[in-house]
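Here's the structure, in structure tokens; my notes come after.
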Amino acid sequence: MTAVADRRRTTGAASPARRVLSQTLFETRAILRNAEQLMVTLALPALILVGLTRSDLVELSTGGAARIDFVAPGVIALAVMSTSFTSQAIATAFDRRNGVLRLLATTPLGRGGLLAGKILAVFAVELVQIVVLGAIAVALGWRPDLAGVPLALLTVVLGTAAFTSLALLVAGTLRSEAVLAVANLLLVLLAVGGGVLIPAEQLPGPLAGLAAFLPSGALGEGLRQALLTGGLPGWTAPVLLGWAAVLGWGASRLFRWH
């Protein structure tokens with residue numbers, strides 16, 4: 001260990017942790033400075049939050065809860081999906097097309113450090129989203145059950161694992177132009193009929209049964225129940241874990257670096 005440390009001091013090479021931290025900061029700044037990314041990750045969820053709270057265009061059965069208490073967790077779930085899936089899939093696909101992934105994989109950062117930096121950047125952006133959207137929701141009258149915050153954070157971590165795995169699977173197997181279309185289309189479809197903003201049981205026809213088994217439905221319902229009642233439905237965590245395992249396995253086997 002002493003020899004390794006002496007060599008690092010001699011060559012000036014950063015430690016693996018510092019390399020990952022630098023990559024995380026770079027990825028986070030790249031997302032927050034990109035106008036298109038900010039539109040998808042912050043502006044759109046904020047507009048949906050205000051729109052669903054201040055208008056009755058979308059009929060919601062809140063079970064006696066205030067409309068903002070019912071809407072805010074779903075909007076946070078949508079924001080998590082936009083960062084961990086749509087934003088990450090598009091950014092990774094274009095990095096792959098432009099040869100950035102292949103180049104970085106040959107640096108001391110390595111493939112593992114690159115992926116760790118991307119995942120940590122997703123959590124950093126999600127933290128910004130939760131703070132900003134939470135502040136807007138509180139200004140609109142949101143009063144979440146604080147006892148459910150730890151369960152809500154656990155749900156966010158599991159949801160992020162599932163959707164980041166999906167992002168890497170899509171970005172690593174499709175052309176960048178196709179990823180751009182697929183990632184945006186899937187986000188819209190899941191937002192409308194995936195149980196994230198509107199609970200699965202309130203969706204029409206077969207969607208009611210299907211959405212509960214989707215990662216979007218589990219993420220939305222987990223956050224709603226955690227922040228409304230302080231509890232967590234027994235099915236949400238297993239559904240998210242299952243999707244994270246399957247999609248993670250698929251991404252690890254099929255992802256192409258160039």
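The values are calculated or read from the model by the stated rules, or taken from the named source; none is laboratory data. Please read these numbers as outputs of a predicted model, since none were measured by experiment. Neighbour counts run over all protein chains shown; Cβ positions are idealised from the backbone, glycine included. These area figures cover heavy atoms from the full protein model, side chains too; ligands, DNA and RNA do not enter into them. Shrake-Rupley method; radii C 1.70, N 1.55, O 1.52, S 1.80 Å.
Details
- Computed label-point distance, nm, for sites ASP56 and ALA245 using a 7 Å Cα→Cβ extension: 4.6
- Counted residue by residue at 0.36 nm each, then reduced by the alpha carbon distance between them, the extension gain from ALA105 to ALA14 reaches 31.2 nm.
- Cα-based helix-to-principal-axis angle, 215-229 vs the chain, degrees rounded to 10: 60
- Residues THR62, THR106 ordered from highest to lowest accessible area at a 1.4 Å probe: THR106, THR62.
- Solvent-accessible area per residue for the chain (1.4 angstrom probe, square angstrom): 49
- Put a dot 7 Å past the Cα of LEU146, heading toward its Cβ, do the same for LEU38, and the two dots end up 3.2 nm apart.
- Globularity ratio of the chain, using Cα Rg and 2.2 N^0.38 Å: 1.07
- Whole-percent carbon and sulfur share, accessible surface of the chain, 1.4 Å: 69
- Angle between the chain longest axis and helix 88-97 axis [Cα atoms, degrees, rounded to 10]: 30
- Using alpha-carbon coordinates, inclination of helix 176-193 to the longest axis of the chain, degrees: 30
- Computed log₁₀ I(q)/I(0) - Debye formula, equal Cα scatterers, no solvent, the stretch 200-258, q 0.30 Å⁻¹: -1.14
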